[in-house]
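What follows is calculated from the coordinates using simple rules that are stated; it is not laboratory data. Everything numeric here is computed off the predicted structure, so don't read it as measured data. Ideal geometry is used to build each Cβ from the backbone, glycine not excepted, and the neighbour counts take in all protein chains shown.
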């Protein structure tokens, strides 16, 4: 049972939480756009920068369920405060990262702390939304929280480009540390919320956490550096073996365990399952951003600021339409707006596929595409989150929220890593043309067609993920009339 029963959430608490969410989704995710400038400034290889970009979401995803469970037992406010401290440490490490040989370890350590911050703040804050808000007030709180996460990701490319061009990319992370301090002060003195465990003190699933972490890190390194190492090299084969062996061990450990790192019993609820799987896949489409923005900068010669400005429609659409998603949820239930949102995202990816066009024309398509991307995510966000939360028992609110947000973080981590890996690997093929130059006629410059062809393949991968998300929702989330029966 909740220890605090009468406390009702207010806007001070809500906006303090949202600042923590913004520190992850707005500030930390600016690397999707500014990674080219960062790599040059720090003198880092592209493959190492790819790891630095995606490792934040990876560590967030690995530990988000752990922190969600700890939030239930130790206190959600306490875990959120720890998350703010991690954000301050991580942001300062990234902002102060030195150029040269020490850049990779310092930068990646800072990015790991940023990921751990998200792992603390996201599930604990979602559990608070369930505990301290009710009815329409909860749906409003979820919408505003979603503006912080989905809206933050919408503004990150624009914000990062403007900051990098006018102040320098390091100031993004100094500002993130300041925002985290303010958020920490705003949630201070909030009554604690936690669940009293029944049946004694729960033990941590150390074996499950360790095996899961080995699988995720091995996969991340393989995806990010496989092309550079060689897919059939000794190191790559070892990573593949580690993934298979530890993945099997993890499943066997967790399958029948009473206190498991990931409670597979939650997936017996089809609505929760559909929301979580589609959330993983749709967050993976963040790879569309890193591919298209890198294409515009490397292939089209645009600056981070200019390419970031093209995403303005994405950011505005998220903010403008996220409450529309809430209204669609109230009118139609979660299934229809989730599917509609995915279809709109699919259209946005299709608009980015004709990389054979001239840069000016492609910029126009990119503006329309990013705007539709924001509309689609806005339609999807609140219905999906509400579908997951409303189907969780109160005693599992933190752990269940953690699994849902783990899907967000791991989806973004692997979507970005795989998309960037495809793009980097194919664009670096030492041939005079593209792998598609016998299929598509590329207009304009001919010295960059391998980059343009690589972008098409990487974007098609993102389109495949959206298609899978639509199928997952259609198969698992019931229609409203079925729920009524």
Among the Cα-Cα pairs of the stretch 20-144, the proportion with separation greater than 24 Å, in percent, is 33 percent
Burial ranking of peptide ranges 107-117, 280-290 (average Cβ count within 10 Å, highest at the top):
280-290, 107-117
Expressed in nm to one decimal, what extension gain is obtained for the pair residue 443 and residue 101 from 0.36 nm per residue of sequence separation less their Cα-Cα distance?
119.1 nm
Per the 1/(1 + (r/R0)^6) rule, R0 = 45 Å and r from the Cβ atoms of residue 41 and residue 268, FRET efficiency to 0.05 is 0.35
Computed label-point distance, nm, for sites residue 324 and residue 8 using a 7 Å Cα→Cβ extension:
3.1 nm
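Report the calculated FRET efficiency for residue 256 and residue 235 (r = Cβ-Cβ distance, R0 = 25 Å), to the nearest 0.05. If you can, show how the numbers build up before the last one.
Numbers: r = 34 Å, r/R0 = 1.37.
My answer for the efficiency is 0.15.
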Over all alpha-carbon pairs in the stretch 206-260, figure out the percentage whose distance exceeds 15 Å.
47 percent
Expressed in nm², what is the orientationally averaged projection area of the convex hull enclosing the Cα positions of the stretch 264-414?
9.3 nm²
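Set the Förster radius R0 to 35 Å, insert the Cβ-Cβ distance between residue 206 and residue 306 as r into 1/(1 + (r/R0)^6), and round the FRET efficiency to 0.05. Don't skip to the answer; put the middle values down first.
On the way: r = 48 Å, r/R0 = 1.38.
It comes out at approximately 0.15.
How do 221, 79 rank when sorted from fewest to most other Cβ atoms within 10 Å of their own Cβ?
221, 79
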Sorted on mean Cβ neighbours within 10 Å (highest first), peptides 234-242, 410-418, 10-18, 164-172 come out as 410-418, 10-18, 164-172, 234-242
Euclidean distance of C-alpha centroids, the stretch 409-426 and the stretch 164-178, integer Å:
25 Å
Ellipticity estimate at 222 nm from DSSP helix runs (n ≥ 4, -39,500 (n - 2.57)) divided over the chain, nearest 500
-25000 deg cm²/dmol
Quick one: which of 99-106, 213-220 comes out on top by average Cβ neighbours within 10 Å, and what's the full order, highest first?
213-220, 99-106
